[in-house]
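No lab work stands behind these numbers, since they all come straight from the coordinates. Keep in mind the model is a prediction, meaning the values are calculated, not measured. No Cβ is skipped: glycine too gets one built from the backbone with ideal geometry, and neighbour counts run over all protein chains shown.
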Amino acid sequence: MNTTHGGNIYEIAERFGLKPSAMIDFSASINPLGLSKKAERKLKQGLAAVLHYPDPQCSELRRTLAQFHGLAEEQILVGAGSTEFIYALPRVLSIKHPLIVTPAFSEYENALEISAAKTGVNIHYLETKEEDGFELSVESLLFSLTQGYDALYLGNPNNPTGILTEKGELRRILAQAEREKVWFILDEAFIDFVEEESLKKETVSSSRLIILRSLTKFFALPGLRIGYLISNPETLRHFSLNKEPWTVNALGQIAATVSLQDNKYISRTKKFIALERDRLTQGLRAIPGFIPYPGTANYLLVQLHPTLNLNAVELREKLIPHGILIRDCSSFHHIGPYFFRIAVRSRKENNTLLKALRQIRQDIINWQ
């Protein structure tokens, strides 16, 4: 089982004798603007909520999410991060023959492997290709869906590539999934940065579409664990009957509700990330040997050119003494050892990373 993630800054800091607060964590793609100030104030005012059990239905948060997305409350189910639902999916849907479009978030496979140990699951993969820029071949996927699979896992934007599959193509995939009676599990954990590309409205009429959403990345709430499903009411009732109670804590519900209502924070985040992502991309392109892929969220996939004689794991180790942690992508299915992912952080932090990369490249040249 692959348990490698971004955000393991505490483990790294302990191993190298560093203070976590002194490290810049580019491995976890969290909003560099931090928590909404409105949400922060509300959390401080609402600390007494921990004296009571949280609302198991997350009623206020569900209402807020429904208004935010223009959907019915019955189409939304809140959980302790989207990971809660990723692990519930194989069990609740009795998935036996899933197809995963790769590279992909490792928890899909981890959850399916746990299910396989109990009931038997045969996992298949549709690999996007480096020579195609990791863009999805929709025609290949449409054909694959005729081969007897019962579930499709697809991230949009993809993690870790940042590649976005256009909504029109997703509708074609959904139509094929409906015809073949395949569950279409669409992970939109990073769609907040391009919300207009979400397939959420299609859940109104679809019997097979299940969308995973997260408040972790865009709203900077990783420690409070808030995520949700969007689907049709009948499917969500089935999940509700199989869901553990009280998985969403009271403070998480408060912070998420207020964050979704903070329009200035949302607008500022989108503008900042778009601007700083472009700056970071150009900065990487200016360093010979570093090849950034075009991204649509708050992270970038970067490829190391063979002339550097350096793989991503080695680069990661070289950056730690600089107080920088990146996410090497060696654990992602089929992507290879020369790719790493970095979050888009503050301008100062991004400049620190670029400076360190230039220094590492210069050191390599001096040793050659």
Under-5 Å amide H pairs with THR102, H placed in peptide plane, nonlocal only: LEU126, GLU127, THR128
Whether region 90-180 is rounded, prolate or oblate, judged on the alpha carbon gyration tensor where a/c under 1.5 counts as rounded: oblate
Cα lying deepest toward the dipole's positive end in region 1-154, options LEU43, LEU126, TYR10, charges on Cβ: LEU43
Under the Karplus curve 6.51 cos²θ - 1.76 cosθ + 1.60, θ = phi - 60°, whole-Hz ³J(HN,Hα) for region 81-86, x wherever Gly or Pro sits: x, 5, 4, 4, 6, 4
Computed magnitude of the charge dipole of the chain (debye, nearest 20; Cβ of K, R +1, Cβ of D, E -1): 1240 debye
SER21 paired with THR146, simple spin-label distance in nm, labels 7 Å along Cα-to-beta-carbon: 6.1 nm
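Could you list, in their original order, any pairs among LYS42/LYS264; LYS38/LYS217; LYS96/LYS217; LYS318/LYS355; LYS38/LYS264 whose Cα atoms are separated by more than 19 Å?
On the way: LYS42/LYS264 16 Å; LYS38/LYS217 17 Å; LYS96/LYS217 30 Å; LYS318/LYS355 13 Å; LYS38/LYS264 10 Å.
Too far apart for the 19 Å limit: LYS96/LYS217.
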Full-stretch length increase - GLU195, ARG358 - with 0.36 nm per residue and alpha-carbon distance subtracted: 55.2 nm
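Give the calculated FRET efficiency between LYS118 and GLU74 to the nearest 0.05, with a Förster radius of 22 Å applied to their Cβ-Cβ distance.
0.15
Would you work out if region 279-368 is rounded, prolate or oblate? Take a ≥ b ≥ c from the square roots of the eigenvalues of the alpha-carbon gyration tensor; rounded if a/c is under 1.5, else prolate when a/b is larger than b/c, oblate otherwise.
Working: a/c = 1.41, a/b = 1.07, b/c = 1.32.
Note, shape of region 279-368 comes out rounded.
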Spacing of the two label points (7 Å from each Cα toward its C-beta) at ALA286 and ASN263, in nm: 3.7 nm
In order through region 342-347: 3J(HN,Hα) via Karplus (6.51 cos²θ - 1.76 cosθ + 1.60), integer Hz, x for Gly, Pro: 10, 6, 8, 10, 5, 4
Modelled FRET efficiency - R0 41 Å, GLN67 with VAL138, Cβ distances, 0.05 increments: 0.80
Farthest positive-ward along the chain dipole, Cα basis, beta-carbon charges - from SER137, LEU280, LEU71: LEU280
Of THR165, ILE326, ALA104, farthest towards positive along the dipole that unit charges on Lys, Arg, Asp, Glu beta carbons give the chain: ILE326
Convex hull volume per residue for the chain, taking Cα atoms only, in Å³: 142 Å³
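For HIS305 and LYS271, FRET efficiency with R0 = 30 Å and r from the beta-carbon atoms, rounded to 0.05?
On the way: r = 32 Å, r/R0 = 1.06.
It comes to 0.40.
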³J(HN,Hα) computed for each position of region 239-244 - Karplus, 6.51 cos²θ - 1.76 cosθ + 1.60, integer Hz, glycine/proline x: 5, 4, 5, 10, 9, 5
Share antiparallel - DSSP beta bridges, region 37-262, percent rounded to 5: 35 percent
